[in-house]
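See below for the structure under consideration.
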Amino acid sequence: MKKEACGVFGVRSLDGKDVSRMIYNGLIMLQHRGQEAAGISTLNEHQIHMKKSTGLVHSAFPENTLHSLKGGIGIGHVRYSTAGSSTLKNAQPFRLNYPKRGIVVAHNGNLVNYMSMRNELIENGRHFESTCDSEIIVHKIAEELIKTKDIEKAVYNYMESAEGSYSTGLFTGEHELFAFRDPHGIRPFCFGKNDTVSMFASESVALNINGIEKTYDVKPGELVAFQQDGKIERKQIMKGEGKHCMFEYVYFSRPDSVIEERCVYDVRIELGKSLAKDYSSKADVIVPVPDTSRSAAEGISRETGIPVAEGLMKNRYVHRTFIMPEQSARSLSVEMKLNPVRSVLKDKHIILVDDSIVRGTTMRRIVEMIRKAGAKKIDLWITCPPVKSPCFYGVDISTHAELIAATDSVEEIKNKLGADELCYQSVDGLVKSIGLGEKNMCMACLTGEYPTCLAQKMADSMKNQKNLSNQRYYEMSC
């Protein structure tokens, strides 16, 4: 079973020009969401082109490959896996040749009832080449289209049977382009248009780079159709109730993205201010762990007057450690990724700012690194409250056993990490900083309260059976 927390991009050209370059540009802007594989599929007349490759976007799509991806409609995807091995067969998009002269699907999220849906489709004669839940979506949509001959009914029937998060892009060989989002809107999804193109993407920055400034969120439970004449038709397929992932604001999304009409940068400034209002320190300098903590460090500085300095220098050619699937890779990557600036740290009392502590392995190494560089005192301020429960909606937090806050007190965590002080964001401070309201956010990894039934059942059972893995429970319950 693979969980995905990736990046999706889709586009329709309104003037007949090829879209592969725009997809490429959009995926570059979404590269932070997935670094293991990338894929692009385009439609030229009734011919579907597809190219998928492991690695980063710029290496996966050299110029000659982009030129070969002809067509005025296309979908792209960047991927990382949060369980199991990384193989090209699990890269997106996924394609079927029938009906509608072919269907191509890419999605960001995770189907909680993956196994039950897969087993049902297999019983109906469907065959699978991957362990990725996006392949479930394309098969289910195809099956429903054969029955109903109607895309709205097909998407509705899919939503009726699926549990989990799915921000999904789809095109058909009949030149139809759609975007739809799960009824809770857990993962972000936006769209927009100008005089020459209509687009959708996981984050607004992918639209901005292609000349679209005004963006709109795909609503929870909504289907958006992008017509050839430039019209965008919106249909509420299923009643939606926003349960937007708080981790998108804390960590995943780029600070220059706008999600649910809130700039991520501004939210992270507020997260820093909130910490500074709850805690005090006589530190000499604030040091953010690059890159996601810079905005919060600025917010702390605005409240306290303590200066911010780059005490950790980042090697930008090393992948994000949190989204690496293997712990060994994450551990080695810390030293390759960050290097201390000794002149900033030596003999200083510092506030070290980071977005979250999940497993604790990375932070322990960072604290050791700063200690060796000569810091005399380290106050660790975290912009996210303690992460205590697994995520089943597409973030790499799969078992209670992985989570240091699930078993250890704040004092115990502080001692394990080697910090002098440990200050977590409060849940109330998080909610106020994001500004969506508690009832409109998914904070299951903090509270253990899930917006969908099977996810709650799984989490409760895993908590009671400490050695039961996420994967094993999927097999038992579905």
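Annotations for the structure displayed:
- Subset tally (residues that are loosely packed, with under 15 Cβ neighbours inside 10 Å and either at positive phi or not in a helix (DSSP H, G or I) (or both)) for region 396-419: 1
- Subset of region 241-293 that is in contact (Cβ under 8 Å) with a residue 40 or more places away in the chain and small (Gly, Ala, Ser) - its residue that is surrounded by the most Cβ atoms within 10 Å (Cβ to Cβ): Gly272
- Of all residues in region 273-290 being within 21 Å of Lys314 (Cα to Cα) and at pLDDT 95 or above, the one that is nearest to the chain's Cα centre (by Cα): Val289
- Where a residue in region 395-407 is assigned by TED's automatic domain parsing to the domain that holds Pro385 and in contact (Cβ under 8 Å) with a residue 24 or more places away in the chain and its partner, wherever it lies, is part of a helix (DSSP H, G or I) and of a type in the set (Phe, Trp, Tyr), with Cβ under 8 Å and at least six apart: Val395/Phe247; Val395/Phe252
- Residue count for region 37-71, restricted to those that are surrounded by 14 or more Cβ atoms within 10 Å (Cβ to Cβ), at positive phi and out of contact with any strand residue (DSSP E or B) (no Cβ under 8 Å at 6 or more places or on another chain): 0
- Residues of region 197-225 that are touching a Gly at 6+ places or on another chain (Cβ under 8 Å) and in contact (Cβ under 8 Å) with a residue 60 or more places away in the chain: Val197, Ser198, Met199, Phe200, Ala201, Ser202, Glu203, Ala206, Leu207, Ile209, Asn210, Gly221.
- Residue that is farthest from Arg33 (Cα to Cα) [pool: residues in region 291-305 that are modelled with pLDDT of 95 or more and of a type in the set (D, E, K, R)]: Glu303
Here's the yes/no breakdown for (1) in contact with a Ser or Thr (Cβ under 8 Å, 6 or more places away or on another chain); (2) not assigned by TED's automatic domain parsing to the domain that holds Ala201; (3) not polar (S, T, N, Q):
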residue	(1), (2), (3)
Ala106	yes, no, yes
Asn119	no, no, no
His139	no, no, yes
Lys147	no, no, yes
Tyr166	no, no, yes
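To keep it simple, each residue is scored yes or no on (1) polar (S, T, N, Q); (2) in contact with a Leu (Cβ under 6 Å, 6 or more places away or on another chain); (3) at pLDDT 95 or above.
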| position | (1), (2), (3) |
| --- | --- |
| Ile404 | no, no, yes |
| Asn415 | yes, no, yes |
| Gly418 | no, no, yes |
| Glu421 | no, no, yes |
| Asp428 | no, no, yes |
| Ser433 | yes, yes, yes |
| Gly437 | no, no, yes |
| Ala444 | no, no, yes |
| Glu449 | no, no, yes |
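The values are calculated or read from the model by the stated rules, or taken from the named source; none is laboratory data. Being a predicted model, the structure only gives us computed values, none of them experimental. For neighbour counting, all protein chains shown are included, and Cβ atoms are generated from backbone atoms with ideal geometry for every residue, glycine included.
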